[in-house]
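Notes follow once the structure below has been shown.
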Amino acid sequence: MPNHRIGRLSEDIKRELSALLRELKDPRISQMTSILRCEVSPDGSHCKVHVTALGDEQTVKESCKGLTSAAGYLRRELGSRLKMRKCPELHFIPDTSIAYSAHINELLHEISRDKGPDGGPDENE
C-alpha cells in the first residue's frame with residue numbers, strides 16, 4: 001500500500017515555502033523565484049526543493065544561495081506553520097528545466113519556419 005503521507009507533506013511544504021518566499025528580504029533572492037517541486041525523503045528528514053527564477057542560470061543560482069542561507073529560518077517557520085514535530089532539512093536545487101524547454105521550443109519553431117507551407121523544404125532552396 002503506497003504511503004500518501006509523504007506526498008501530502010511535499011505539497012504542504014511547497015505551498016508554505018512559496019508563501020514564505022514573499023516574506024524574505026535577501027537581495028540575492030529574485031522577486032520572480034518560484035518553487036517547482038519538493039521531494040521529501042521516505043523518513044522525512046530531508047527535502048529537496050527545486051527552485052527556478054525568471055532570468056538566466058546565474059539568477060537561479062544566486063536565489064538558491066540566498067535560500068540556503070535562510071534555510072534555518074524557513075525550517076523553523078515550516079515547523080510552526082505545519083505543526084510538525086520534526087521538520088526536514090531543506091536542500092535547495094537550481095532547476096533550469098523551464099529555460100531548457102523554452103530553448104527547445106524556440107528550436108522547433110525555427111525548424112518549422114525553415115520548411116514551406118506544404119511541410120517540404122522552402123522554395124528558395
Practice task
Kindly establish whether Asp12 is within 15 Å of Thr68 (Cα to Cα), of a type in the set (Asp, Glu) and either touching a helix residue (DSSP H, G or I) at 6+ places or on another chain (Cβ under 8 Å) or modelled with pLDDT of 90 or more (or both).
Solution key: no
Handout entry: Identity of the residue in segment 44-58, modelled with pLDDT of 90 or more and hydrophobic (A, V, I, L, M, F, W, C), that ends up farthest from His91 (Cα to Cα)
Key = Val51
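Yes/no matrix, rows are residues, columns are (1) at pLDDT below 85; (2) farther than 30 Å from Asn3 by Cβ; (3) touching a Lys or Arg at 6+ places or on another chain (Cβ under 9 Å):
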{"site": "Pro27", "(1), (2), (3)": "no, yes, no"}
{"site": "Pro42", "(1), (2), (3)": "no, no, no"}
{"site": "Ser63", "(1), (2), (3)": "no, yes, yes"}
{"site": "Ser80", "(1), (2), (3)": "no, no, no"}
{"site": "His109", "(1), (2), (3)": "no, yes, no"}
{"site": "Gly116", "(1), (2), (3)": "yes, yes, no"}
Practice task
Residue by residue through segment 1-57, note down the ones that are in contact with a Ser or Thr (Cβ under 6 Å, 6 or more places away or on another chain) and exposed (fewer than 13 other Cβ atoms within 10 Å of the Cβ).
Solution key: Glu57
Exercise for the section: Quick one: in segment 90-108, of everything that is under 17 Å from the mean Cα position of the chain (by Cα) and of a type in the set (S, T, N, Q), which residue is nearest to Pro27 (Cα to Cα)? Expected result: Thr96
Problem - Extreme residue, nearest to Leu36 (Cα to Cα), among residues of segment 68-101 that are basic (Lys, Arg) and surrounded by 14 or more Cβ atoms within 10 Å (Cβ to Cβ) - result: Arg75
Problem - Subset of segment 54-89 (residues that are without any contact (Cβ under 8 Å) to a residue 24 or more places away in the chain, closer than 20 Å to Gln31 by Cα and among the hydrophobic types (A, V, I, L, M, F, W, C)) - result: Ala71
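The values are calculated or read from the model by the stated rules, or taken from the named source; none is laboratory data. Worth saying up front: this structure is predicted, and the values here are computed from it rather than measured. Heads up, the Cβs are rebuilt from the backbone with ideal geometry, glycines too, and the neighbour counts pull from every protein chain shown.
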